[in-house]
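Report on the following structure.
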Amino acid sequence: MRDHAVARWWLVRASWPLAAACIALASCSPESASAGAGTTVVDSVRLVASIPVLPNYGAHDTFVRDGLAFLCAWNTGVLIYDVGNGVKGGSPSNPQLISSLVTSADGVAAGPEVHNAWWFQNPVTGEKKYLFIGQEGPGTVGTSSSGDIHIVNVSNLAAPVEVGFIHINGAGTHNFWMDESRQILYAAYYNGGVVAIDVSGTLSGDMSNRIIHEVTPGGPNNTYVWGVMLSGNTLYATDMVSGFWALDPVTLATKGGGNNVPERYGSDQWVVGTVAYSGTWGGFFRTKGVPGNVVKVWQLDGNGIPTLADSVVIANTGTISDVAVSPDGKALVITTEGGTGAGLHVFSRANPLKPVEVAFVYVPQGLHTGETRVVNGRTYVFAAQDPDLPALNIYDITGVVP
Amino acid sequence: MALILIAWPVTVLGAQGFNITPMGQLIFTVDHSDPVPGGGSLTEARVVQPVLMLDGSAFGGKLAFVATADFEGLTIPHGELTPGAWGEGFVDRRHPHTYAHELTVAGNDLLGRLDGSGRLGVVVGKGFVPFGTDDPMSRPFVRYPVNHHLAQILERAIGVVQYGLGPVTIEAALFNGDEPTRPGDWPVIRTPQGTWRFGDSRAARVTVRPVQHFEVQGSLARVSSPENRDGGGPEVYKASTSARWDDHPSWGERYVLIEWERSDELGNFLVLHSLLAEAMVRRGRFALSYRFERTDRPEEPRLVDPFRTVYPNPDNDIAGITRWTLHTLHLSADLFPHGTHLGLQPYIEVTRGSVASVAGGVFDPFTEYGTDDVNALNVGLKVDWGMAGHRMGRYGVLDEPMMMMPPGAMRM
């Protein structure tokens, strides 16, 4: 009964933004400060599915692996969809819900606030047992944060069970990355910096004692880490306050970078080969009149140390909310929030240091995140559409960048 | 026209036990704010607070109704320049109110003599929740205080039970938690998913009038998911207390209001306070008013338009809390003799003060505004027809004549 009600609600409410998104496919005219080229649509981005999410402050992130999509839907919990795995006959254009779980609030007044996830496939044991979930509790940007890492046993996808948690006093978690071969979970922890956690063996109950390292790259009162990503022998961290960092993945010691985006607040990142991209957040001006509408392009040296190579401006938007490179390395995929530039931007990486925008989908509500994955030979972006029409939008970007 | 309005009886239907009183007002104003988001200053001419109102009663006052249309959606669709203002997706601009501002029906003294001198009342409709203080529209100043969203809960679907006995009136209400997001919005009674929003929030207020002209109130409210109309947002716990004096000696009027509010959202994460004191003295045709306010404001992420915030905010994050300390002086004069139904009052209003960042976070007034000094000036002309003395947002038992200010009492 509830599902039917949701479906009716969605049919009524979704009609105009879907149409707007489709109509907007051919309209892209961002400035590209350094790339300098106008945008040309070389193929169509296709919205193949839009899955409504109950308005418990909507969808935030999606982790996609082996044809399963773990949709992080705030206080609605984590929803596990078959988007090509076959376990329930789903596909990207016809996702099938397998199960869902609302993790515990762990004393956070705002609730479970399921924000992000990582499905750990342990190459040492062969297990695909644990799903790590980030709880993004209330926070004050630059100062405080809250929320735990929740450990969910997904051995039975139809009946996931929360089995443990990791808690840090005075800080809350945000985005993850893993060194699965070393069985290390890296977590951005906002004012808590970057945290490395040993997730080998059995995980149950309070796993806070598995924390190996905690560092605040920018130092006290100058650290608010949004995301982490491991590439080669370097762990990269974007700090909203202190910029783009290169860390030693074993010790978390600083290798280089940092304090290198002084005019804006940082957001998400992606690293591939010797090039990295980091976004900027525009909730507030760090510099008068300078919005968070820039993608920083970094050249990485042999030790992984970043040097700013370029800055790509995405016009008419406020925040670069997510940054990713397609698995084939051809496309740089950016999601944005705010303004008429809000939505999905696809850039060609023909020259990785000079990305050129080739497609834009306008989404009035904005997209909070975009996970780029290949499913059954086609490349999709699993994007979280913001309130007031929260949804998982799945875009087929195959061929957009030849 | 003015003569007609002056002469027009306020109560247009006076059949036995039944009357309807039309009222209205609007203010032509030129607002100057310095600073505004992004720095610098801005000056705008606008028509604000344009309302038409019908206040009626029947059956000897046993049944009463209020209907107020507010046209700010037409005159200030992008809000009114107001330093420190926030709420409903606006910042440093006061949002326009909904077209259907009030639409309430009240049953008064339902038990008649059965409960002696007690007065049992019921109010239903759309309007003000019994919480906090009088709506700023019916107070001596034109520019709203920063604490509007801390001190009033309005434009909700309400069901209120009231009981008055002697100097004490107790009110309890159920209402919908969702705020309007645009002037055409109505309260969400039930979401498309089948969740009832009416009744998901509640409030209670105790009003005591120990002596004539003096009134104190204390009120509590729990507001569910105010920013997310479909629900799912955090609960907000609010408290308010105030003391109010208003009398009318032969030479004019004296009015004082002191209020304190607290709002707690997300389990002590976002706690906001407000302390406001205002006073007005009217002598003859001139009224001089002063307001002091110290109010906290959450700094929520902005949109590309610096006067708008992400709404609803998908993350429960803020960039800090600012504290606005403002002094406002208001001087007005009645062009027509006091007590006439048509009022024309030119005015000048000056605000000076400061904004400070408190409780950490990256929000910095100097970055946002280029300064921490706040200055505002507005001049204009208020036109009211029968609105003077009306305490907006008080219904049923609290709207009885003994609770109302004399005609013209609140003219500026």
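The values are calculated or read from the model by the stated rules, or taken from the named source; none is laboratory data. As the structure is a computational prediction, the values presented were derived from the model and not from experiment. Glycine also receives a Cβ, built like all others from the backbone with ideal geometry; neighbour counts cover every protein chain displayed.
Couple of notes before you dig in:
- Summed over the range A:309-354, the residues that are touching a strand residue (DSSP E or B) at 6+ places or on another chain (Cβ under 9 Å), of a type in the set (A, V, I, L, M) and not in a strand (DSSP E or B) give a count of 4.
- Those strands (runs of 3 or more DSSP E) of the range A:67-172 in which 3 or more residues are touching a helix residue (DSSP H, G or I) at 6+ places or on another chain (Cβ under 9 Å) and modelled with pLDDT of 95 or more are absent.
- Test for residue A:325: is it among the β-branched types (Val, Ile, Thr), more than 12 Å from every other protein chain (Cβ to nearest Cβ) and either under 17 Å from residue A:267 (Cβ atoms) or in contact with a helix residue (DSSP H, G or I) (Cβ under 7 Å, 6 or more places away or on another chain) (or both): yes
- Residues that are touching a Lys or Arg at 6+ places or on another chain (Cβ under 8 Å) and basic (Lys, Arg) within the range B:102-142 comprise just one, B:126.
- Beta carbons closer than 8 Å, at least 6 apart along the sequence or on distinct chains, pair a first residue in the range B:21-41 that is modelled with pLDDT of 95 or more with a second that is charged (D, E, K, R) and part of a loop (DSSP other than H, G, I, E, B) for B:31/B:143.
- Which listed residue is within 14 Å of another protein chain (Cβ to nearest Cβ), polar (S, T, N, Q), over 18 Å from residue B:279 (Cβ atoms) and crowded, with 20+ Cβ neighbours inside 10 Å, from B:219, B:240, B:201, B:224: B:224
- Residue A:401 more than 14 Å from chain B (Cβ to nearest Cβ), buried (at least 24 other Cβ atoms within 10 Å of the Cβ) and outside any strand (DSSP E or B): yes
- Filter result for residue B:292 (more than 9 Å from every other protein chain (Cβ to nearest Cβ) and over 20 Å from the mean Cα position of the chain (by Cα)): no
- Identity of the residue in the range A:273-295, in contact with a Leu (Cβ under 9 Å, 6 or more places away or on another chain) and either among the hydroxyl-bearing types (Ser, Thr, Tyr) or in a strand (DSSP E or B) (or both), that ends up farthest from residue A:313 (Cα to Cα): A:274
- Among residues of the range A:202-242 being among the aliphatic types (A, V, I, L, M) and assigned to a loop (DSSP other than H, G, I, E, B), the one that is farthest from residue A:282 (Cα to Cα) is A:203.
- Within the range B:324-379, being within 11 Å of chain A (Cβ to nearest Cβ) and of a type in the set (Asp, Glu) holds for B:364, B:368.
- One residue alone among B:342, B:288, B:331, B:270 is touching a helix residue (DSSP H, G or I) at 6+ places or on another chain (Cβ under 6 Å) and in contact (Cβ under 8 Å) with a residue 24 or more places away in the chain, and that residue is B:342.
- Cβ pairs under 7 Å, 6+ apart, first in the range B:112-136 and part of a loop (DSSP other than H, G, I, E, B) and surrounded by 15 or more Cβ atoms within 10 Å (Cβ to Cβ), second of a type in the set (Lys, Arg) and at pLDDT below 95: B:134/B:391
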